[in-house]
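Everything below concerns the one structure shown next.
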Number of protein chains: 2
Amino acid sequence: MKSLNRPTLERLLLYYHFIDHHLVAEDGSTVSSTRIAKFMDLDDTQVRKDLAAIGLRGRPRVGFVISEVKSRIRNILGFEEDYRAVVVGAGRLGGAIASYSEFRVYGLDIVALFDNHPDKIGRTIGNHVVQPVSQLQTIVKQSKVRLGVITVPAEAAQDVAEKLVQSGIKALWNFSPKNLVVPKTVTVRDEHLSVGLADLLYHLKRSD
Amino acid sequence: MKSLNRPTLERLLLYYHFIDHHLVAEDGSTVSSTRIAKFMDLDDTQVRKDLAAIGLRGRPRVGFVISEVKSRIRNILGFEEDYRAVVVGAGRLGGAIASYSEFRVYGLDIVALFDNHPDKIGRTIGNHVVQPVSQLQTIVKQSKVRLGVITVPAEAAQDVAEKLVQSGIKALWNFSPKNLVVPKTVTVRDEHLSVGLADLLYHLKRSD
DNA sequence: TAGATTGTTAATCGATTAACAATC
DNA sequence: TAGATTGTTAATCGATTAACAATC
């Protein structure tokens with residue numbers, strides 16, 4: 001199976017959400033590619049191609065077994081593994097992410113929340129006691145943390161990224177509006193909210 | 001000028017960020033498409049095409065005037081207009097967005113923050129006093145609010161969306177993991193953090 | 001001038017859609 | 001059986017890249 005590009009990955013997740021929210025997976029019940037496609041406003045061939053790409057086979061006149069589709073997508077996207085993560089930056093956004101229980105569904109296990117501000121250290125947010133950044137490296141190594149979530153202000157982001165990389169972290173989820181410089185072996189996902197906002201404003205400007 | 005698709009829009013914003021963070025716009029100084037492309041890891045023709053698409057002309061041997069590029073992108077993306085917005089849902093995420101001053105740069109003016117929980121109403125978050133959702137329609141109409149940001153839990157999202165649409169709002173920025181059903185005249189941008197997370201986990205799973 | 005960089009046309013590439021025989 | 005739905009091949013479409021003459 002060749003590696004999936006981002007659009008395919010995105011679509012797979014959206015299929016999963018559709019199935020999870022709108023369909024019942026019991027008793028070998030099925031769903032057709034046409035139905036998924038219609039809900040998603042996609043071509044049905046697209047859906048079949050995506051499902052074929054992750055090794056799923058449907059049956060003519062019947063469609064795809066819902067439970068198989070669900071578990072295969074979970075498996076491909078890696079939801080069944082356990083991913084330990086730390087959140088650095090205990091502001092509102094960091095707090096929101098650290099206490100967002102929905103992410104558990106995807107296998108995310110946030111083991112610690114860090115900040116450097118004396119007012120924040122020791123406070124409890126969600127289930128986490130905020131710890132000083134000086135503890136970061138120890139905890140990351142100890143708990144074999146693989147993912148670092150960066151929710152500090154832009155000016156602190158690069159420094160935090162370097163600390164995380166030095167501790168052996170392999171992936172960064174970056175919420176700061178800053179381009180991080182890291183070794184090629186580290187995967188970075190930039191979550192620039194401004195992209196979404198710009199998109200919205202562009203359409204708004206033209207919709208009047 | 002034909003309307004720009006999302007990738008073009010995204011790239012324009014990233015060019016803007018690059019220029020804004022790394023270059024000086026004074027004295028008619030210039031930047032070449034090659035330089036932008038290199039930083040972005042793109043083809044230089046791509047950059048020239050994007051800039052041409054928004055009416056910018058460069059000069060051979062010289063490049064593009066930085067200040068022109070900046071102001072033209074701001075103009076195209078609509079950053080120079082004023083977009084009044086309300087945030088519904090005063091949890092950690094809603095609070096983060098309502099108090100995130102960076103968005104002002106894009107022309108976003110958050111005029112009110114709503115919640116329905118008695119504990120939250122009346123509290124101050126950022127510069128906003130949390131108001132009850134019952135006030136929503138009045139304030140939206142009064143202040144000619146055009147954008148609604150939804151940061152309530154999934155089960156409340158559709159209801160909030162409907163209230164916003166009824167008040168005359170034209171665009172929704174949806175942070176809840178819920179598919180909103182709204183009239184076609186309303187632009188919806190879904191900010192599903194799970195897409196970013198899934199992408200990251202997919203790569204993490206395969207990087208060991 | 002020489003050469004860096006543009007703007008544009010043509011070629012390539014990949015992703016999406018259409019067509020349709022196979023199947024249950 | 002008839003017909004809905006699949007899987008796959010071929011056609012289309014659009015976006016990206018290459019090539020290169022024009023230009024300052």
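Any read-out appearing in this document is the output of simple, stated calculations on the displayed coordinates, not a laboratory observation. As the structure is a prediction and not an experimental result, all values here were calculated from the model. Ideal geometry is used to build each Cβ from the backbone, glycine not excepted, and the neighbour counts take in all protein chains shown.
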- Does B:A53 satisfy being surrounded by 17 or more Cβ atoms within 10 Å (Cβ to Cβ), more than 11 Å from chain A (Cβ to nearest Cβ) and within 22 Å of B:L4 (Cα to Cα)? no
- Considering residues that are charged (D, E, K, R) and exposed (fewer than 14 other Cβ atoms within 10 Å of the Cβ), the number found within region A:145-158 is 1
- Query: Within region A:63-73, is there a residue that is facing another protein chain (nearest Cβ under 10 Å) and crowded, with 16+ Cβ neighbours inside 10 Å?
  - Reply: yes
- Query: Mind checking which residues of region A:121-144 are surrounded by 14 or more Cβ atoms within 10 Å (Cβ to Cβ) and at positive phi?
  - Reply: A:G126
- Selection count where residues are in contact with a Gly (Cβ under 9 Å, 6 or more places away or on another chain), more than 9 Å from every other protein chain (Cβ to nearest Cβ) and part of a helix (DSSP H, G or I), scope region A:164-208: 2
- Task: Could you tell me which residue of region B:1-32 is surrounded by the most Cβ atoms within 10 Å (Cβ to Cβ), considering only residues that are farther than 27 Å from A:E155 by Cα and within 11 Å of DNA strand D (Cβ to nearest atom)?
- Result: B:L4
- For region A:1-106, list the helices (runs of 4 or more DSSP H) that sit wholly inside it and hold at least 1 residues that are closer than 13 Å to B:A198 by Cβ; which are they? A:6-22, A:66-77
- Task: Could you tell me whether region A:121-134 includes any residue that is assigned to a helix (DSSP H, G or I) and either closer than 23 Å to B:I125 by Cα or in contact with a helix residue (DSSP H, G or I) (Cβ under 6 Å, 6 or more places away or on another chain) (or both)?
- Result: no
- Go through region A:33-52 and count every residue that is among the hydrophobic types (A, V, I, L, M, F, W, C) and more than 10 Å from DNA strand D (Cβ to nearest atom). 3
- Query: Is at least one residue of region B:99-120 closer than 30 Å to B:H17 by Cα, within 16 Å of DNA strand D (Cβ to nearest atom) and surrounded by fewer than 20 Cβ atoms within 10 Å (Cβ to Cβ)?
  - Reply: no
